[in-house]
Amino acid sequence: EILYVCDVLGKTPLTISTFVLEVVEELIARNETLGGLPPSDLLPLPPSVPDAVWADLTKVERMQIKADREGVHSRNAKFTGQREALFRKAGMAKELKDETFWIPHCPDFRGRLYPQSQDLNFTNDDLSRGLLQFAEAKPLTERGSYWLAIRLANNFGMDKLSFGDRVQWVIDNDLLIIDSGVDPLDGKRFWCDADEPFQFLAACHE
């Protein structure tokens, strides 16, 4: 059964959401951090303190200045790693744009399945999941609309509500959801408030 599931997952054709990819590329170009993206540039360090001024500072003031600089250094190191991961995902998505591809899966000794692609897969972060979509589209039936509403509510962070309340939440916010799907960068940016912003944005577009 495990091998059968691996075959099913590995034979499922996927493609890149060009809508989400274009939003990500524009955010990178604008150096905007919407959706939890890291800034494109390093944060500036606090200005250096001249020796003459440093000599007159108390021990507490000196420790605070050092802590402020170390804090910026730590955040820049963190952002550097996040930027590298972001550029890898965006670059891979750009290469696969308009292509159909498949992700093989392998089980471990417990029977848990793991995708074999490093950056773009359904077990990675919100951006990776938001960039992926099924290659074979199907008409959105009434039942499909129901589950799309559930998905929207779940991605936004309303997953503790009953299914009926989640659907009602989508109905109550339909104008904001449509605005996000039509004008994600220069509209009301409702999608940015979601727990999983890029998956929510992809669902808004649908």
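Phi angles of the stretch 36-45 translate, via the Karplus equation with coefficients 6.51, -1.76, 1.60 and θ = phi - 60°, into HN-Hα couplings of x, 5, x, x, 6, 10, 5, 6, x, 6 Hz per residue; Gly and Pro are given as x.
Roughly how many whole Å is it from the C-alpha centroid of the stretch 1-48 to that of the stretch 99-128? Each part reduced to its Cα centre gives a spacing of 15 Å. To the nearest 10, the accessible area of HIS73 is 110 Å² with a 1.4 Å probe. Of the GluC sites (Glu not before Pro) found in the stretch 64-143, those in coil by DSSP whose Cβ has at most 13 other Cβ atoms within 10 Å are GLU99, GLU136. In the chain, helical runs assigned H by DSSP with n ≥ 4 each contribute -39500 (n - 2.57); averaged across all residues and rounded to the nearest 500, the mean residue ellipticity at 222 nm is -17500 deg cm²/dmol.
Distant-in-sequence amide contacts of SER17, defined by a placed amide H-H separation under 5 Å and a gap of 5 or more residues or a different chain, comprise LEU132, GLN133.
Residues whose amide H comes within less than 5 Å of that of ASN173, counting only those at least five positions distant or on another chain, are absent (H built at 1.01 Å from N in the peptide plane). With 0.36 nm allotted per residue and the present C-alpha distance subtracted, the ASP159-ALA135 stretch has 6.0 nm of extension available.
Dividing the Cα radius of gyration by the Kirkwood radius, what Rg/Rh value follows for the stretch 59-206? Reported Rg/Rh, Kirkwood definition of Rh: 1.09.
Please count, across the stretch 8-143, the pairs of lysine residues with Cα atoms under 19 Å apart that sit 8 or more places apart or on different chains.
Working: LYS11/LYS97; LYS11/LYS138; LYS66/LYS78; LYS78/LYS89; LYS89/LYS97.
Taking the stretch 8-143 as the scope, the lysine pair count is 5.
Can you give the local net charge around TRP102? Use residues other than it whose beta-carbon is closer than 14 angstrom to its beta-carbon, Lys and Arg +1, Asp and Glu -1. Don't jump to the answer; show the numbers that get you there.
Working: positive: LYS11; negative: ASP7, GLU99, GLU136.
Net local charge, TRP102 excluded: -2.
Taking all protein chains together, TRP169, TRP147, TRP191 sort by accessible area into TRP147, TRP169, TRP191, largest first [probe 1.4 Å]. Taking the inverse of the mean 1/r over every pair of distinct Cα atoms in the stretch 138-206 gives a Kirkwood hydrodynamic radius of 11.8 Å. Largest first, the residues PHE134, PHE101, PHE198 sort by 1.4 Å accessible area into PHE134, PHE101, PHE198.
Given the stretch 1-116, report the % of alpha carbon pairs whose separation exceeds 19 Å. Summing the P(r) of the stretch 1-116 above 19 Å gives 66 percent of all pairs.
The values are calculated or read from the model by the stated rules, or taken from the named source; none is laboratory data. Computed from a prediction, not measured in an experiment: that's the story for all the values here. Don't worry about glycine lacking a Cβ; one is built from the backbone with ideal geometry, like all the others, and counts go over all protein chains shown. These area figures cover heavy atoms from the full protein model, side chains too; ligands, DNA and RNA do not enter into them. Shrake-Rupley method; radii C 1.70, N 1.55, O 1.52, S 1.80 Å.
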